[in-house]
Amino acid sequence: MATARERWLSQPAIRALEADFQRYAQGEQLGARGALAALFEDSEAALRLAERFFTSGMTALAAHPLGEIAHRHASSAGFARLQLMHARDAALSLCVYEPKGEPLEESCPVAVTFADCESIECVIAGVASGWHHCLRDGTAPGILSRPVTWQAGDTIQCQPQNETRQIVRVSQSLLVLQLTRTPARPAPTLERRTADGAVLRAVSGDKRASQQVMALAVLGALGQREAIADMARFALARENDPEARWEAVRQVAALDTAAALQLTGRIDQDDPLAIAASDLSVRIAALLAEHAREEA
């Protein structure tokens, strides 16, 4: 299977595509020319790419029925993704959306998620409908949502943090070639209310930060009091992700309230955590005062 993958990558057309993709992954814009840009200007070019890939993969599977395609892939109910190329924080993938068992509500959703991820897609086959959402400018805050039907030949492009699309109903199996690129330090992913654009929830879009949050939670769950000083230093370092820093504050508070009170007092007023830290300080002080009264 690995040999089949290398054979596919060695084709002249695929080598040219990979060279363009590597430049894109390194930060270059998707130009008007080149093998990569052509895929999203002509659905026939995207179809030929998919056909080359599947021909190579199916030939190898015919010879090795228990083999597994040597590309990253994932699937869930009604959806599958197979990554053709990956470098840094960019990926070129084939995505399949299967028809839903029951019709879904087609009214405009109450909330929508905006991620710090640049994406462009070419619909190779199938039909689906959904919504395109775009943040309005400052003069007219809110979200502009419009219903859309996508079919073979259409291009879907979304700018990071400002645009997103939602596939609501799949009429015919939808095959999409998708190109995405995420910054090394992405901004938080925001869930916004479609009525007025208000932020309902924010989640870190940084994978490294998510790993740090998990590690901090494990330290706290294990009661690692010897890690308090390290967690405090992490919380005070502004170059770290704000969500991960706040998780460090929370875990310090869970392990040692006095250390947490000292830590929150060291957070500067212009720090993004300042308001939350001040509120936590007040709560901790109130708890300590109540404890002192009970002891007396």
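Here the translational diffusion coefficient of segment 36-83 follows from Stokes-Einstein with Rh set to the Kirkwood radius across Cα pairs; for 37 °C and 0.692 mPa s it amounts to 264 µm²/s. For Rg/Rh (Cα atoms, Kirkwood Rh), the value computed from the atomic coordinates appears in the list (1) 1.08; (2) 1.16; (3) 1.00 under label (1). For the chain, the longest principal axis of the C-alpha atoms and the axis of helix 43-63 are separated by about 90°. Expressed as a whole percent, the proportion of Cα-Cα pairs in segment 160-292 lying more than 27 Å apart is 37%.
Accessible surface comparison of 144, 175, 263, probe 1.4 Å, protein chains only, largest first: the order is 144, 175, 263. Take residue 295: with every protein chain present and a 1.4 Å probe, its accessible area is about 130 Å². Each residue was assigned an accessible area with a 1.4 Å probe, and for residue 117 the value is about 40 Å².
Accessible area per residue for the chain is 56 Å², calculated with a 1.4 Å probe on protein heavy atoms, without ligands, DNA or RNA. Within the chain, the longest run free of trypsin sites (Lys or Arg not before Pro) that sit in a DSSP loop with at most 11 other Cβ atoms within 10 Å is 34-265. In the context of the full protein assembly, residue 120 retains an accessible surface of approximately 20 Å², using a probe radius of 1.4 Å and ignoring ligands and nucleic acids. Taking the longest Cα principal axis of the chain as reference, the axis of helix 12-25 is set at about 20 degrees.
Against the chain, whose longest principal axis comes from its Cα atoms, helix 207-221 is set at around 40 degrees.
Among 234, 54, 21, the sequence by solvent-accessible area, most first, with a 1.4 Å probe is 54, 234, 21.
The values are calculated or read from the model by the stated rules, or taken from the named source; none is laboratory data. Given the structure is predicted, the values throughout are model-derived calculations rather than measurements. When we count neighbours, we look across all protein chains shown, and the Cβ atoms used for this are built from the backbone with ideal geometry, even at glycine. Ligands, DNA and RNA are excluded from the accessible area calculation, which covers all protein heavy atoms including side chains. Shrake-Rupley method; radii C 1.70, N 1.55, O 1.52, S 1.80 Å.
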